[in-house]
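The values are calculated or read from the model by the stated rules, or taken from the named source; none is laboratory data. These figures come from a predicted structure and were not determined experimentally. Don't worry about glycine lacking a Cβ; one is built from the backbone with ideal geometry, like all the others, and counts go over all protein chains shown. Accessible surface is based on the protein model in full, side chains and every heavy atom, while ligands, DNA and RNA are left aside. Shrake-Rupley method; radii C 1.70, N 1.55, O 1.52, S 1.80 Å.
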Amino acid sequence: MLTKEEIGRNLAVIEGRISKACERSGRDRSEVTLIAVSKMNPAEAVIAAHECGIDTFGENKVQELCGKLEVIDAKLNWHLIGHLQTNKVKYIAGKVAMIHSVDSLKLAEVIDKESEKAGVVTDILLEINIAGEESKYGIAPSDAEDLARKIAPLKHVRICGLMTVAPETDEPETNRSYFRQMRELSVDIASKNIDNIFMNVLSMGMTGDFEVAVEEGATHVRVGTGIFGARDYTR
Ligand SMILES: *Cc1c(COP(=O)(O)O)cnc(C)c1O
């Protein structure tokens, strides 16, 4: 794990780059939320980042998220950004600020049911497989409106927008057209004025391409490596 000083320095760099991307595209810095993706990093790294001023974190696995919830006292905003199995929803209902990875009516129905039990309305995003990659979760852009319409009547979930994991690349510019398509899809669905569907959130951009995502309208960027350093997949 990086030291708190290193995490603080990384955060300052990322913050500067987000601000610059906002300036370039005529956006206000307050329009973009930085989600610090703490997966595969220990709770101590989360606490260190929190002490550096961050209170919004992303995890991709329910078990890891719940482990951190148990040991971290601070009241943080947790975003579930990874694929979610229906049988795991009960562990996080009422505990997360947002679920980014909804890609089926079935999953939305389970989130609705568990949210009702927990006495909350859960904010969700529809995950879009914008580049049509076989290896990726998410629905095709052309299925998004239909799925949104089916989820809309559920009382304990609120569709707040769209999320995507763009292709891995060393050249962020190659993802610009995907980010632009995401924004166009979001504007298109918003224009239908469907009850209980909001399109205020566009979750896109990671360590390798978040500046391009901000320039193309991201409201939430999910940055892991750029803050916490390379993840150790050998553990
Ligand atoms: C791991 C992960 C991220 C962060 O990736 P980095 O490249 O480390 O910034 C963002 N979004 C999702 C869905 C992830 O699983």
Legend entry - Amide H within-cut-off set for Arg158, under 5 Å, with H built and near neighbours excluded: Thr122, Asp123, Ile124
Inset, instruction - Give me the accessible area per residue for the chain, probe 1.4 Å, as a whole number in Å². - result: 48
Legend entry - Charge sum, other residues only, whose C-beta stays under 15 Å from Lys75's C-beta, Lys/Arg counted +1 and Asp/Glu -1: -2
Legend entry - Whole-percent carbon and sulfur share, accessible surface of the chain, 1.4 Å: 48
Legend entry - Rounded, prolate or oblate (a/c below 1.5 giving rounded, otherwise prolate when a/b exceeds b/c) for region 1-100 by Cα gyration tensor: oblate
Inset, instruction - Report, in debye and to the nearest 20, how large the dipole of region 163-235 comes out about its Cα centre when Lys and Arg carry +1 and Asp and Glu carry -1 on their Cβ. - result: 280
Inset, instruction - Enumerate the lysines that Lys117 could reach by cross-link, defined here as Cα to Cα under 16 Å, with residues fewer than 8 away along the same chain left out. - result: Lys88, Lys90, Lys95, Lys155
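So for each of 63-70, 222-229 I average, over its residues, the number of other beta carbons within 10 Å; can you give me the resulting order with the highest mean first?
222-229, 63-70
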Legend entry - For region 4-227, convex hull of alpha carbons as volume per residue, Å³: 118
Inset, instruction - Just report the Cα centroid separation between region 1-35 and region 68-109, whole Å. - result: 25
Legend entry - Charge context of Ser142, other residues only, Cβ under 15 angstrom, K/R +1, D/E -1: -4
Inset, instruction - Report relative contact order for region 4-227 in percent, whole number only (criteria: Cα-Cα under 8 Å, sequence separation at least 6). - result: 20
Inset, instruction - For the chain, with a Gaussian network of springs between Cα atoms less than 10 Å apart, report the residue from Thr33, Thr219, Thr169 with the top mean-square fluctuation. - result: Thr169
Legend entry - Sequence of Tyr178, Tyr233 when ordered by accessible area, the most exposed leading, probe 1.4 angstrom: Tyr233, Tyr178
